[in-house]
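A short worksheet on the structure shown next.
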Amino acid sequence: MSSTGTVDASSRLVPSATVVSGPLGDELILLNLEDGAYFSLSAVAALAWADFDGRRSIRDIAQLVVREFEIDEETATRDLLELSSELLSAGLVQIVRVP
């Protein structure tokens, strides 16, 4: 696994071991135990977070988002790539290398 690199539609992500998450109202809160930083995720981002299991690619998760919310696949993929890049930069996820 890698905490650096570039996220693309075929990337598979997993939460970093130092991150805990929990619901708060309509949002999901992520807490990085290493630096104490916390992040708030919307319902769409929380759905993606739940599917960052190392088995599904960003493209796969975008298709789930399309089915769950009224959004087109291109927008879903673009938004998930942006979210994934931000989470990777913050050390909240890692990229799973698939052979």
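Put a dot 7 Å past each Cα toward the Cβ at Leu31 and Arg56; how far apart are the dots in nm?
Between Arg56 and Leu31, the label points sit 2.6 nm apart.
So what is the relative contact order of the range 1-66, in percent, for Cα pairs below 8 Å that sit 6 or more residues apart?
With pairs under 8 Å counted, the relative contact order is 35 percent.
When the C-alpha atoms of the range 12-96 are aligned to their principal axes, what extent does each axis show, in angstrom, from largest down?
On the principal axes, the range 12-96 reaches 35, 30, 18 Å in Cα extent.
How large is ³J(HN,Hα) for each residue in the range 32-49, as worked out from phi by the Karplus curve 6.51 cos²θ - 1.76 cosθ + 1.60 (θ = phi - 60°), to whole Hz, x for Gly and Pro?
Running phi through 6.51 cos²θ - 1.76 cosθ + 1.60 with θ = phi - 60° gives 8, 5, 6, 10, x, 6, 10, 9, 10, 10, 5, 4, 5, 5, 5, 4, 4, 4 Hz.
From the residues Ile95, Ala48, Ala76, which one has its Cα farthest along the dipole of the chain in the positive direction, the dipole being from +1 and -1 charges on Cβ of Lys/Arg and Asp/Glu about the Cα centre?
With unit charges placed on the Cβ atoms, the residue in question is Ile95.
7 Å from Cα along Cα→Cβ at both Arg97 and Leu24: what's the point-to-point distance in nm?
Inter-label distance under the simple model: 3.5 nm.
Could you size up the charge dipole of the chain around its Cα centre, putting +1 on the beta carbon of Lys and Arg and -1 on that of Asp and Glu, and report it in debye to the nearest 20? Don't skip to the end; give the middle numbers.
Values: 7 positive and 16 negative charges, 96 e Å.
That gives the chain a dipole magnitude of about 460 debye.
None of the figures in this text is laboratory data; all of them are computed from the coordinates on show. Everything numeric in this text was worked out from a predicted model, so none of it was measured. As a convention, Cβ positions derive from the backbone with ideal geometry for all residues, glycine included, and neighbour counts pool all protein chains shown.
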